[in-house]
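The values are calculated or read from the model by the stated rules, or taken from the named source; none is laboratory data. Remember, it's a predicted structure, so these values are computed and weren't measured experimentally. Counting neighbours? That spans all protein chains shown, and the Cβs are built from the backbone with ideal geometry, glycine included. The accessibility values were calculated without ligands, DNA or RNA, using every heavy atom of the protein model including side chains. Shrake-Rupley method; radii C 1.70, N 1.55, O 1.52, S 1.80 Å.
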Amino acid sequence: MKVPVSIPAIKIGSAGHQVCHPAKEKDMVKIDLPKERPPDWKGAMLKKMAEVLNKYRSVRLFLDICVKCGACADKCQFFLGTGDPKNMPVARADLLRKVYQRYFTLGGKVWGRANESAELNETVLKDWYVYFYQCSQCRRCSVFCPYGIDTAEVTMAAREIMAAAGVATKYVTEVVAKVYDTGNNLGIWAPAWKDNCAFLEEDLKDTEGLDIKFPVDAVGAEVLLIPPSADNFVNTNTMIGYAKIFHAAGISWTTSTYCNEGGNFGLFLNYANLKKINNRIIEAARQLQVKKIYWGE
Amino acid sequence: MATKFLFIYLPYISVGIFILGVLYQFWRWARTPVPLRIVITPAPKTRKGLALRLIGDVLLFPSLFKADKLLWAGGFLFHVFLWLVILRHLRYFLYPVPGWVEAIQTAGLYAGYLIPIPLAFLLARRLIFERTLYISILGDFFALFLLLAISLSGILLQVFFRTYIVDVKALILGLIYFQPAISDYHWLFTLHFVLIMVLLIYFPFGKLMHSGGLFFSSTRNQRANFEERFVNPWDFSVSYNVQNLFPPEKYRETLKGMREGKKE
């Protein structure tokens with residue numbers, strides 16, 4: 001078998017210093033999460049963990065049935081890149097698994113050593129914060145697992161648990177908060193979005209002599225286009241491409257100033273925000289009375 | 001007294017723990033809802049296709065084959081040998097012995113002789129590679145050593161310390177029909193028997209539950225029928241707080257204003 005990337009020797013703690021910036025208070029308030037870690041953060045996290053375990057069969061099952069065969073170990077790009085053993089999907093899930101074993105399983109309570117169960121404490125939390133934010137939830141490991149164990153599910157559960165006690169990263173929380181203010185991740189306000197579209201119309205006329213519209217908030221259009229917001233900001237050729245295709249196909253379309261973002265950062269945080277962001281797409285489609293949604297990221 | 005405990009009480013206790021424990025784990029998984037469709041694509045669209053994929057997963061471990069050929073070979077051979085050995089042992093549990101159990105006796109015998117090889121390989125693999133050693137926990141070694149001890153004691157019983165199997169069959173049938181009949185057994189048979197009881201007790205509470213778990217695994221037991229609506233049983237509605245500057249109401253007003261020709 002051809003191995004395109006050599007498997008690195010393990011280097012314990014080699015990625016441990018790569019820590020995300022903590023979330024800012026102002027963003028946490030906007031996305032309905034605790035501003036800071038409460039004194040009883042451990043209680044809050046364990047309470048959330050119990051809730052997650054009772055809501056997601058995947059999480060409970062995946063924490064239960066891993067046999068540690070190591071099939072996933074050399075499949076994660078973060079392990080291949082850093083050599084940090086805690087970036088092996090199995091070891092990443094173990095960070096949550098050992099706490100789960102300690103507090104939620106008979107096996108872990110009766111014979112903790114065999115199941116490597118561990119108390120939730122400051123050290124464990126630090127590992128969670130470092131390594132659960134070094135997973136991109138790409139699910140590559142799940143393809144190779146004989147039981148389909150999907151580390152993304154475990155990562156999402158861990159982030160949801162941490163978020164419930166006010167532990168999150170700025171990159172994610174700031175972006176989510178921006179969506180509720182502006183409708184997109186980049187923070188493009190409605191007037192700016194319209195202005196960008198008008199600019200692209202003019203630009204297209206000047207450079208190519210084409211008279212193609214970039215409709216914004218056009219009620220009753222056939223298609224609502226949800227592009228990545230960057231397409232109207234930096235990757236404008238893509239935006240021009242959409243317009244040309246719609247024009248050539250003769251389809252009436254529109255973008256919405258309420259929802260102009262195909263990427264959902266709620267996925268990296270918790271279910272409530274994931275849903276709240278996705279709901280904006282449906283809300284925009286209803287209010288604009290479109291027939292179809294074209295959605296890409 | 002010790003004999004009575006080991007051959008009468010212990011079997012009932014361990015089989016009881018095994019059955020109740022496995023049912024308990026299945027119940028824990030079954031009662032937990034599945035909120036999202038997280039199937040690993042490409043996945044079958046039909047129920048028949050799904051059944052075929054699951055059966056294929058159980059019998060052939062295709063994901064593991066993609067991941068690591070050597071590990072696949074070790075794991076696959078171990079499981080095939082294990083099943084042959086278990087089926088061969090049915091001759092102690094059934095009276096009269098069905099034809100198919102008789103038919104696999106030879107295969108089961110050789111599987112029994114060979115099973116330490118994949119077990120030793122799986123153990124060596126854990127110890128040799130840095131990364132597998134890192135992820136291995138006591139429970140992994142416990143299960144491997146237990147299985148190795150059971151298989152080696154079984155081989156010794158077959159080859160050197162041959163047990164009077166009429167007594168063994170009387171013991172097991174006696175237990176099954178709640179009329180225990182115990183006699184004197186060689187210490188090696190006692191060891192073999194007790195280790196299996198230990199395995200049964202340990203089974204539901206550790207990683208060995210992977211055997212039934214596959215059928216509950218959302219990534220493998222769902223279909224790719226994305227056209228059908230998937231309803232989250234515990235879904236809730238979300239609301240905007242006062243600090244969110246662009247809630248749905250504001251958009252409604254903006255659109256209304258545009259319809260009435262007002263400038264925003």
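Can you name the helices (runs of 4 or more DSSP H) wholly within segment B:56-103 that have at least 3 residues being within 14 Å of another protein chain (Cβ to nearest Cβ)? Step through it out loud before you land on a result.
On the way: elements: B:62-67, B:69-89, B:99-103.
Helices (runs of 4 or more DSSP H) meeting the threshold: B:62-67, B:69-89.
Within segment A:3-34, restricting attention to residues that are of a type in the set (K, R) and within 12 Å of chain B (Cβ to nearest Cβ), which residue is farthest from B:V238 (Cα to Cα)? If you could, list the steps in order and put the result at the bottom.
Restricting attention to segment A:3-34, the residues satisfying the condition of being of a type in the set (K, R) are A:11, A:24, A:26, A:30.
With within 12 Å of chain B (Cβ to nearest Cβ) added as a condition, the list becomes A:11, A:26, A:30.
Numbers: A:K11: 43, A:K26: 20, A:K30: 13 Å.
The residue in question is A:K11.
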Qualifying residue in segment B:5-26 (condition: over 30 Å from B:F129 (Cβ atoms), open to solvent by less than 40 Å² (accessible area, probe 1.4 Å), at pLDDT 95 or above and β-branched (V, I, T)): yes
Lone unmet requirement of (1) surrounded by 15 or more Cβ atoms within 10 Å (Cβ to Cβ); (2) under 13 Å from the mean Cα position of the chain (by Cα) for A:I161: (2)
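From the list A:G241, A:G266, exactly one residue is more than 12 Å from every other protein chain (Cβ to nearest Cβ) and either assigned to a helix (DSSP H, G or I) or modelled with pLDDT of 95 or more (or both). Which is it?
Values: A:G266 fails: more than 12 Å from every other protein chain (Cβ to nearest Cβ).
Answer to the selection: A:G241.
Does A:E174 meet the test of being out of contact with any helix residue (DSSP H, G or I) (no Cβ under 9 Å at 6 or more places or on another chain) and either assigned to a helix (DSSP H, G or I) or without any contact (Cβ under 8 Å) to a residue 24 or more places away in the chain (or both)?
Working: out of contact with any helix residue (DSSP H, G or I) (no Cβ under 9 Å at 6 or more places or on another chain): no; either assigned to a helix (DSSP H, G or I) or without any contact (Cβ under 8 Å) to a residue 24 or more places away in the chain (or both): yes.
Answer is no for this residue.
Report yes if B:R47 is open to solvent by 30 Å² or more (accessible area, probe 1.4 Å), farther than 26 Å from A:P89 by Cα and charged (D, E, K, R), otherwise no. Steps first, please.
On the way: open to solvent by 30 Å² or more (accessible area, probe 1.4 Å): yes; farther than 26 Å from A:P89 by Cα: yes; charged (D, E, K, R): yes.
It is true that B:R47 is open to solvent by 30 Å² or more (accessible area, probe 1.4 Å), farther than 26 Å from A:P89 by Cα and charged (D, E, K, R).
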Some residue of segment B:153-161 being within 14 Å of chain A (Cβ to nearest Cβ), under 27 Å from B:W187 (Cα atoms), crowded, with 18+ Cβ neighbours inside 10 Å and hydrophobic (A, V, I, L, M, F, W, C): no
Tally of residues being within 7 Å of another protein chain (Cβ to nearest Cβ), open to solvent by less than 40 Å² (accessible area, probe 1.4 Å) and either small (G, A, S) or assigned to a helix (DSSP H, G or I) (or both) across segment B:132-144: 5
Test set (1) in contact with a Ser or Thr (Cβ under 9 Å, 6 or more places away or on another chain); (2) open to solvent by less than 60 Å² (accessible area, probe 1.4 Å); (3) farther than 24 Å from A:Q137 by Cα - A:D231 fails condition number: (3)
Residues that are surrounded by fewer than 18 Cβ atoms within 10 Å (Cβ to Cβ) and within 22 Å of the chain's Cα centre (by Cα), drawn from segment B:94-120: B:I117, B:A120
A:A249, sole failed condition from (1) touching a helix residue (DSSP H, G or I) at 6+ places or on another chain (Cβ under 6 Å); (2) at pLDDT 95 or above; (3) open to solvent by 30 Å² or more (accessible area, probe 1.4 Å): (1)
Condition broken by B:L171, with the remaining ones in (1) open to solvent by less than 80 Å² (accessible area, probe 1.4 Å); (2) part of a helix (DSSP H, G or I); (3) free of Cβ contacts under 8 Å to residues at least 60 places away in the same chain satisfied: (3)
Test set (1) touching a residue at least 12 places away in the same chain (Cβ under 8 Å); (2) more than 7 Å from every other protein chain (Cβ to nearest Cβ); (3) in a helix (DSSP H, G or I) - B:T254 fails condition number: (1)
Only listed residue being more than 10 Å from every other protein chain (Cβ to nearest Cβ), outside any helix (DSSP H, G or I) and closer than 30 Å to B:R229 by Cα, chosen from B:R37, B:R53: B:R37
Residue count for segment B:197-239, restricted to those that are among the basic types (K, R), open to solvent by 20 Å² or more (accessible area, probe 1.4 Å) and within 10 Å of chain A (Cβ to nearest Cβ): 1
Out of B:A43, B:A124, sole residue that is outside any helix (DSSP H, G or I) and more than 18 Å from the chain's Cα centre (by Cα): B:A43
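Mind checking whether some residue in segment A:274-290 is in contact with an Asp or Glu (Cβ under 6 Å, 6 or more places away or on another chain) and not basic (K, R)?
The answer is no; no qualifying residue exists.
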Of all residues in segment A:190-224 being away from every other protein chain (no Cβ under 13 Å), of a type in the set (V, I, T) and outside any helix (DSSP H, G or I), the one that is nearest to B:K250 (Cα to Cα): A:V223
Residues (within 7 Å of another protein chain (Cβ to nearest Cβ), of a type in the set (S, T, Y) and open to solvent by 20 Å² or more (accessible area, probe 1.4 Å)) located in segment A:51-89: A:Y56
Segment A:121-142, residues that are in a helix (DSSP H, G or I) and of a type outside the set (F, W, Y): A:E122, A:T123, A:V124, A:L125, A:K126, A:D127, A:V130, A:R140, A:C141, A:S142
Residues located in segment A:178-228, provided they are open to solvent by 50 Å² or more (accessible area, probe 1.4 Å) and in contact (Cβ under 8 Å) with a residue 40 or more places away in the chain: A:L186, A:K194, A:V219, A:E222
Single unsatisfied condition, B:V242 versus (1) loosely packed, with under 10 Cβ neighbours inside 10 Å; (2) facing another protein chain (nearest Cβ under 7 Å): (2)
Pairs where the first residue, in segment B:16-31, is within 11 Å of chain A (Cβ to nearest Cβ) and touching a residue at least 12 places away in the same chain (Cβ under 8 Å) and the second is open to solvent by less than 30 Å² (accessible area, probe 1.4 Å) and in a helix (DSSP H, G or I), C-beta under 6 Å, 6+ apart: B:G21/B:P204; B:Q25/B:P204; B:Q25/B:M209; B:W29/A:L61
